[in-house]
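Chemist: A single structure is presented below for examination.
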Amino acid sequence: MTALWWLIAIVLIATAVWTISASKPVYSVVALLAHFLALAVSYIMLSAEFLGVIQIVIYVGAILVLFVFVIALLSSGVASFSVGPNRMKKGVWPAGIAVAVAFGLMTWKLAGVVASPKVGGSLSTVPGTAGAFGSVADFGKALFTTYLLPFEITAFVLMVAVIGVILLAGDRSVHDPSPKRAALVRREMREAILRGGEE
């Protein structure tokens, strides 16, 4: 059991790194799918079957599909995107330090949870009953009392993201670009066609 737990932990870390470092957005979605499935397995191993099923149904079946639609809408333009300067190099060290600090705090907190596992219910209770870790009753009570505001904020953020994608990549037939912008777009399209013919 311990070896399987460490294997799932390695898969979780590897898929998370793959998600943020993939060269194409579709690869990131595939890595995120693997991450969600591994996370569901870890929930089931902790006797939280309800959370494992919800992880698959909500995140894999809904959130991941939303990400796929976002990627499809963002890449629906007729002209190629202009690539700006790479600013990620400046954020490597701050991001690495933040990840190391977060990982250290998480490890410290999990060490305390393992030492006293009675958090939000007992791990020794039969799964599915009230008071058990990951039970439906405790999950629903925590979701609609303690974590109601973060839950509603998350729903609002997802709605804003969908509206933003629709505004950014929607139908632009009503928009009348300036003659200078139209000439620039035509020139970029001709150059793209010529480069494609040379290849």
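Chemist: Considering only region 10-54, state which residues are small (Gly, Ala, Ser) and in contact with a His (Cβ under 8 Å, 6 or more places away or on another chain).
Modeler: Keep residues of region 10-54 that are small (Gly, Ala, Ser), which gives 14, 16, 21-23, 28, 31, 34, 38, 40, 42, 47-48, 52.
Passing the criteria: only Ala16.
Chemist: Search region 157-185 for residues that are under 12 Å from Val70 (Cβ atoms) and modelled with pLDDT of 75 or more and pair each with any residue that is open to solvent by less than 70 Å² (accessible area, probe 1.4 Å) and polar (S, T, N, Q) when their beta-carbon atoms are under 9 Å apart and the residues are at least 6 apart or on different chains.
Modeler: From residues that are under 12 Å from Val70 (Cβ atoms) and modelled with pLDDT of 75 or more, there are no pairs.
Chemist: Name the residues in region 35-51 that are closer than 26 Å to Ile71 by Cα and touching a Leu at 6+ places or on another chain (Cβ under 9 Å), would you?
Modeler: His35, Phe36, Ala38, Leu39, Ala40
The values are calculated or read from the model by the stated rules, or taken from the named source; none is laboratory data. On a predicted model such as this, the values are computed, not experimentally measured, just so you know. Here Cβ is always computed from backbone atoms with ideal geometry, including for glycine, and neighbour counts include all displayed protein chains. Protein only, heavy atoms only, side chains kept; ligands, DNA and RNA dropped before computing areas. Shrake-Rupley method; radii C 1.70, N 1.55, O 1.52, S 1.80 Å.
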